[in-house]
Amino acid sequence: MSEFTARDIKYLAGVGPQRAALLNKELNICSFHDLLYYFPYKYIDRSRLYYVHEIDGNMPYIQLRGQILSFEEVGNGYRSRLVAHFSDGTGVVDLVWFQGQKYVIKKYKVRTEYIVFGKPTLFGGRINIAHPDIDSSEGLNLSDLGLRPYYNTTDKMKHANLNSQAIEKLVSNLLSLLKEPLPETLPQYMIERHHLMSLTEALQNVHFPKNPEALRRAEYRLKFEELFYVQLNILRYMRERQLRYQGFVFGRIGDFFNTFYKRNLPFELTTAQKRVIKEIRKDMGGGSQMNRLLQGDVGSGKTLVALMSMLIALDNGYQTCLMAPTEILAGQHYDTISRLLMGMNVRVELLTGSIKGKRREKILAEILSGDVQILIGTHAVLEDTVSFSKLGMVVIDEQHRFGVAQRAKLWKKNVSPPHVLVMTATPIPRTLAMTLYGDLDVSVIDELPPGRKPVRTIHQFDNRRTELYANIRKQIKEGRQVYIVYPLIKESERIDLKNLEDGYQVVCETFPECGVSKIHGQMKPAEKELEMQRFVVGETQIMVATTVIEVGVNVPNATVMVIENAERFGLSQLHQLRGRVGRGADQSYCILVTGYKISEETRKRVDIMVQTNDGFEIAEADLKLRGPGDLEGTQQSGIAFDLKIANITRDAQLLQYVREIAREIVDADPEGNLPQNMLLWRQLRGLRKSHVDWSAIS
Ligand code: ADP
Ligand code: MG
């Protein structure tokens, strides 16, 4: 901030102590700088004139040139209004005032040409414009009016006459004080290379655009800068961390990997799997510590990628560990991986909280001695009693259940931190991932294995139960299995559990011929495991569950997912649940059951689910429906909220673009001492100081 922009807002002409207090309190505007960066939320084009005969009641704003034919006072008392019949020769509209009538009559003359601006509405068969802006047309050059800014204000401000127009005036006062350009906040070479407007011009034009093109360029410059510094900050932290920590170099691809690839791989890898494995190999062989986020829609085959990456670690003489959020999942991974490695002489072990006593002691000893090559487990592997001989790589499945702190704990299991691969099936839009997990590189599996039939999604109101149950029965008769899921927001909520119990009763009564399993979060791990197994081996045909089955469960014979009270689930959760079916060769169905009366938002969510199976599309839609603030992970980061002009959804492409620019700069100037970049690091230091949260994300 320069000396000028650091000035207290109360010293600006038109502000004073009272308004300053209001600006501080309501909009957090304390300095000249804050006001300059308080951007309009919309603009109205005032350069264009309309004719009365072309307007209708649905246009946003219009501008007319013409004369007042006569005034008329309508009604009386507090409901009276003043009407001016206004014509441009092509028709007549009514200008209407509900307040300040006396002033209006005195100020505006009949049969004099004016420019009138306002929002038309249709009332009583005539076009009305309430409280229009009126200017004398004399000496008025329309193209000078350009775009008019509109600023958000609060009720308190409006009561004190600090409305949008007042803010407009204040900004105009401020800009007129600018006798010389403000100090640049981007180096000159960047401004030239990327054809950016200067800062001063951009600020002037973002408030008072000369024309739409100037506005576009001003916004571009400001968004560019904003996103660029976010990315520079993240990449800089990344680089600092890389310099601090050396990574193990896994330079060799040996017997484990090759044998698996030649003999055990049960199917051809998808192109996306191949690409991601290549990216991981490059990371782990590169000499710095890998921190990679692997995103892949449910069923895209992340486990295989994880396994093959772990085999590279084995080939280089290191142990690896795979961590899952629940015992069920850890158990499934253990089974899958043991099966995939059949005949390969790799020592795989499972460690969860329910493995105790002698058995646990033995496993712990073998982890320490290095005999266990692949350890699969839950949070239990984070405990202090678990020590490795040579831990080289860690895979974390289902990222959002593990916090950054837990990741850090894993690092400490070695002098040098292991390579980390974080896998998530909650597809975060790539743009958001880049902003949130800037410290992680991102790989995406954007392709499902061949031969999958897309799950068909159906919306059903809960008063059509008979039909629903008939369909379920039909599937079961054909040998398929069915999930029925009830919402459970917090595992401790009694009411929710009652829903599940009631549902379970009804299902048992409706399907007396079937075995029915039941799983919820309050059961002991062993009980859950038992129920799960009964379902996996086909002893039960219906699984009634809460969202504990949301992640990872893999039963290819299950073809129907019924989601009860679907209105209570978020989009990403619905998508996760749907991913539990469609894993085999048969056509699968997802049935979203809701009440008859649903909100507009629920309707939108249901529609999206019915329309698409693409997790990324759903994630984007979710982001649009809810805004980034509600997405998992964004809360702590704080970062998405600091953006004043850019929008990570809308400006996704720009975000990607500036990330590359930032990356080139960090690569070319790793120590941060090239003279042309001095300004960048200085700005960054300033930003880091004013954003306490930023350091937390790396
Ligand atoms: P997720 O990404 O959801 O963890 P999984 O790794 O569980 O997915 O894989 C889902 C299913 O797809 C598994 O049954 C797995 O064996 C199968 N699969 C994985 N990769 C392929 C492939 N390249 N071709 C065919 N099937 C595959
Ligand atoms: Mg998985």
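Two decimals, Cα atoms only, Kirkwood Rh: what is Rg/Rh over the stretch 47-145? Computed over Cα atoms, the ratio is 0.95.
Above 27 Å lies some portion of the pair distances; for the stretch 95-233, what is it as a whole percent of all C-alpha pairs? Percentage above 27 Å: 42. Note on Thr271 and Leu178: their simple-model spin labels are 4.8 nm apart, each label 7 Å out from Cα toward Cβ.
Using a 10 Å cut-off on Cβ atoms, rank the peptides 562-569, 8-15, 595-602 from the highest mean neighbour count down.
Values: 562-569: 21.5, 8-15: 15.4, 595-602: 11.1.
Ranked from most to least packed, the peptides come out as 562-569, 8-15, 595-602.
Straightening the chain between Phe98 and Asp335 buys 77.7 nm, computed as 0.36 nm per residue apart minus the Cα-Cα spacing.
Short version: what are the Cα gyration tensor semi-axes of the stretch 456-612, square root of 5 times each eigenvalue, largest first, in whole Å?
Working: eigenvalues 94, 68, 48 Å².
For the stretch 456-612, the ellipsoid semi-axes come out as 22, 18, 16 Å.
The label point for Lys477 and the one for Phe71, both projected 7 Å from the Cα toward the Cβ, are 8.2 nm apart. With a cut-off of 10 Å between beta carbons, the residues surrounding Glu513 carry a summed charge of +2, where Lys and Arg count +1 and Asp and Glu -1. As a rough footprinting exposure proxy, the listed residues Met238, Met323 were ranked by other beta carbons within 10 Å of their own, and the order from fewest upward is Met238, Met323.
Tell me which aspartates and glutamates have Cα within less than 12 Å of Lys624's Cα, excluding those fewer than 8 residues away on the same chain? Those aspartates and glutamates meeting the cut-off are Glu601.
Given the -39500 (n - 2.57) contribution per DSSP H run of 4+ residues, what per-residue ellipticity at 222 nm results for the chain, rounded to the nearest 500 deg cm²/dmol? Kindly include the intermediate steps, with their values, before the conclusion.
Working: 25 runs with 279 residues, N = 698.
That calculation yields -12000 deg cm²/dmol at 222 nm.
Just to verify a number: FRET efficiency for Ala365 and His459, C-beta to C-beta distance, R0 = 51 Å, to 0.05?
Values: r = 54 Å, r/R0 = 1.07.
Approximately 0.40, to the nearest 0.05.
Summary of packing: across the peptides 272-278, 667-673, the per-residue average of other C-beta atoms within 10 Å ranks them, highest first, as 272-278, 667-673. Distance between the pseudo-spin-label points of Tyr469 and Asn345 (7 Å out from Cα toward the beta carbon): 5.8 nm. Projected onto their three principal axes, the Cα atoms of the chain cover extents of 97, 72, 43 Å, largest first. Excluding same-chain neighbours fewer than eight residues apart, the lysines reachable from Lys262 by a Cα-Cα span under 29 Å are Lys274, Lys278, Lys282, Lys302, Lys390, Lys453. Measuring between alpha carbons in the structure, the pairs from Lys42/Lys109; Lys42/Lys156; Lys25/Lys604; Lys156/Lys644; Lys106/Lys210; Lys179/Lys223 lying more than 29 angstrom apart are Lys42/Lys109; Lys25/Lys604; Lys106/Lys210.
Just to be sure I understand: of the beta bridges DSSP finds with both ends in the chain, what percent are antiparallel, rounded to 5? Write down the numbers at each step before the final one.
Numbers: 33 of 88 bridges.
Of those bridges, close to 40 percent are antiparallel.
Protection proxy ranking for 113-123, 148-158, using the average of other Cβ atoms within 10 Å per residue and placing the highest first: 113-123, 148-158. Span-like helix check, the chain: qualifying full DSSP H segments, with Cα axial length of 15 Å or more and mean Kyte-Doolittle of 0.0 or more, are 164-177, 302-315, 652-668. Counting only residues at least eight positions apart within a chain, or on another chain, the lysines with an alpha carbon under 20 Å from that of Lys528 are Lys356, Lys490, Lys498, Lys518.
The ranking of Val553, Val110 by Cβ neighbour count inside 10 Å, starting from the fewest, reads Val110, Val553.
As a footprinting exposure proxy, order Tyr318, Tyr78 by other Cβ within 10 Å, with the fewest listed first. Could the numbers behind the result be given before it?
Values: Tyr318 23, Tyr78 6.
Going from least to most buried by this count: Tyr78, Tyr318.
Quick note: the coordinates plus some simple rules give every number you see, no bench work behind them. This structure is a prediction, so every number in the text was calculated from the model and none was measured. FYI the Cβ positions are ideal-geometry reconstructions off the backbone, even for glycines, and counts take in every protein chain you see.
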